[in-house]
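The values are calculated or read from the model by the stated rules, or taken from the named source; none is laboratory data. Computed from a predicted structure; not experimentally measured. Positions of Cβ are generated from backbone atoms using ideal geometry, with glycine treated the same way; all protein chains shown enter the neighbour counts. Heads up: the accessible areas ignore ligands, DNA and RNA and are worked out on the full protein's heavy atoms, side chains in. Shrake-Rupley method; radii C 1.70, N 1.55, O 1.52, S 1.80 Å.
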Amino acid sequence: MSSDLSTLSITEAAKMLAAKEISAVDLARACITQIEKKNKSLNAYLEVFDDIEAQAKVADERHMKGESSPLLGIPLAVKDNILIKGRRASAASKILEGYVSTYDATVIKKLKDAGAVFLGRTNMDEFAHGSSTENSAFGPTKNPHDESRVPGGSSGGSAAAVAASMALGALGTDTGGSIREPASFCGLVGLKPTYGAVSRSGLIAMGSSLDQAGPLAQTVADAELIFNAIRGQDPLDSTSIGEAFYPKRVEKKKIGVPRHLLKEGVDPDVLKTFEATLATLALQGYEIIDIELPSAALALAVYYVIMPAEVSSNLARFDGVRYGLSLAGNSQWGDYAKTRGTGFGPEVRRRVMLGTYVLSSGYYDAYYGKATIARAMLRAEVRNALEIVDVIATPSAPSPAPRIGENISNPLAMYLLDIFTVTANLTGNPAISIPMGNVLRDGKALPVGIQFTAAHGDESGLFAIGTSAEAEKKLE
Amino acid sequence: MISREDIQTLAELARLEVSEEETASLQKDISNILDYVGHVSAVSSAEGEKDPGLNRNVLRRDVPRGESDPLADTREQLLEALPKREGDYNVVRKIIQKDE
């Protein structure tokens, strides 16, 4: 069977599987062929599972018995901070050395029930701390569109795997843009669902008021298939909500653009592509409206207070006492400090220190206290804007993919890549990145994405406008 | 700029062993980041309530989940993950010491 199968969208592959034109084993083999060819240089997978074909055989048997599900037999990649029972999980950190997951994350259980085939664990910034996948303890992942560039992060391995046809789709997690930014840099669709829409049980927590899992896929329809399979309320995650939690919305065909945020710091080519995409959407009957989000200029500062604060609390559990790396110092404190000082990489240590600072007595009110006030203001502004428009549009990232190493010695420059994505995490709104075109850098066409943010619970609004934006691109 | 001593105090609070060299680079990085995130202090406390977030109280019935518990059969695997295991016990450092 030809290795072209690996380039199929999930929707196309599902159709061919249903018609028995291909088998799940064929599909799995096609992806394995691509992995064998490309993974060594791209470093998208930290581990490729050795039972892929066996999983695919089970899917084929289920199909033979009459089962049908759009994901039955579809090979997917999984970010390394999502637990699959009996398999290793490291969050790309040395501190989880030797750790084997003791249970399935709810998203994994749901995908297993749907019959998906898991190809392997994908590389990421350690504990999802980063926007380039350079902070992995196991080396950076490279962007399939230009191997001298980063794939984005932190779900960079998942994005590179799908972009290089080493998987038909993938799961990522998004705390401040970690699905949408790599989707933008790799030319994919990436969805951060509404806070609570997808259970976080079995995800290695980063910022618990921000984290969501979601799909990276080639098309909007594929992203929707994966989202529908993993969403839903879960007794194991009390922040999760059911489909009917937020009221249904009626489409107004109005797009809000906060142009005051785009005046500086955005690459001119990205801005040009963004405006061109809006113009084509206007031709399709969408009304483009200027909106103001005064507090959004503060969003990145708010995020880099709240996120490290939550990181420092969540990562307190990695102490060498119960699992993972365990090193001996000369006291109880020494055991902790040595294990954590050695096991965590530089960016993780930096964030834990920063979080400890903003939560410490004397600084709490000036940083964390103020950040929570600004967060409430931001939430109100976004809610008000979304009473007038269906979605808010911005570029997904201020630039195309940077070069590997470009920002590594300047953490703040790296943080600025998240400038447009963090707002949706702070407010809990769903947001999607859709490919909007390419910009040329050193003779290479680098993809860039447009981000749409919708009201809480309105993923269907995102899929609708995403499909329109995608259709425009196909016509070009 | 944040002082060397501050970084060492933070490292102690955060249970992190930090080298001399890293202390210096953390002084620089954390100061830069704090300068940037310090913009939030311009927000007036009168402008809004602290954000309660999207969380709400969720209760479950106080009954054992029994065999339907998705985590029911994980006991042995959890024990298996212990860095130092003796039978069904986790071996940890002795922390109660005699008063001097």
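Key figures for this structure:
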item	result
Segment A:314-330, residues that are facing another protein chain (nearest Cβ under 8 Å) and either open to solvent by 50 Å² or more (accessible area, probe 1.4 Å) or out of contact with any Leu (no Cβ under 9 Å at 6 or more places or on another chain) (or both)	A:Ala316, A:Asp319, A:Arg322, A:Tyr323, A:Ser326, A:Gly329
One residue from A:Val389, A:Val382 being of a type in the set (A, V, I, L, M, F, W, C) and surrounded by fewer than 24 Cβ atoms within 10 Å (Cβ to Cβ)	A:Val389
Complete set of residues in segment A:381-425 that are away from chain B (no Cβ under 14 Å) and among the hydroxyl-bearing types (Ser, Thr, Tyr)	A:Thr394, A:Ser396, A:Ser399, A:Thr421
Within segment A:89-144, considering residues that are of a type in the set (Asp, Glu) and farther than 10 Å from A:Gly156 by Cα, the one least open to solvent (accessible area, probe 1.4 Å)	A:Glu126
Matching helices (runs of 4 or more DSSP H) fully within segment B:1-99 where at least 1 residues are at the interface with chain A (Cβ under 7 Å from one of its Cβ atoms) and at pLDDT below 90	B:75-80
Any hit, segment A:306-313, residues being open to solvent by 10 Å² or more (accessible area, probe 1.4 Å), more than 7 Å from chain B (Cβ to nearest Cβ) and in a loop (DSSP other than H, G, I, E, B)	no
Pair list, Cβ < 9 Å and 6+ apart or interchain, from segment A:17-32 residues that are farther than 10 Å from A:Leu5 by Cβ to residues that are of a type in the set (Val, Ile, Thr)	A:Leu17/A:Ile74; A:Ala24/A:Val58; A:Ala24/A:Ile74; A:Ala24/A:Val117; A:Ile32/A:Val48; A:Ile32/A:Ile52
Of all residues in segment A:332-380 being at pLDDT 95 or above and assigned to a loop (DSSP other than H, G, I, E, B), the one that is nearest to the other protein chains (Cβ to nearest Cβ)	A:Phe344
Inter-residue pairs, beta-carbon under 6 Å, first within 12 Å of chain B (Cβ to nearest Cβ) and in segment A:103-122, second in a strand (DSSP E or B), 6+ apart	A:Ala105/A:Ile82; A:Ala105/A:Leu203; A:Thr106/A:Asp234
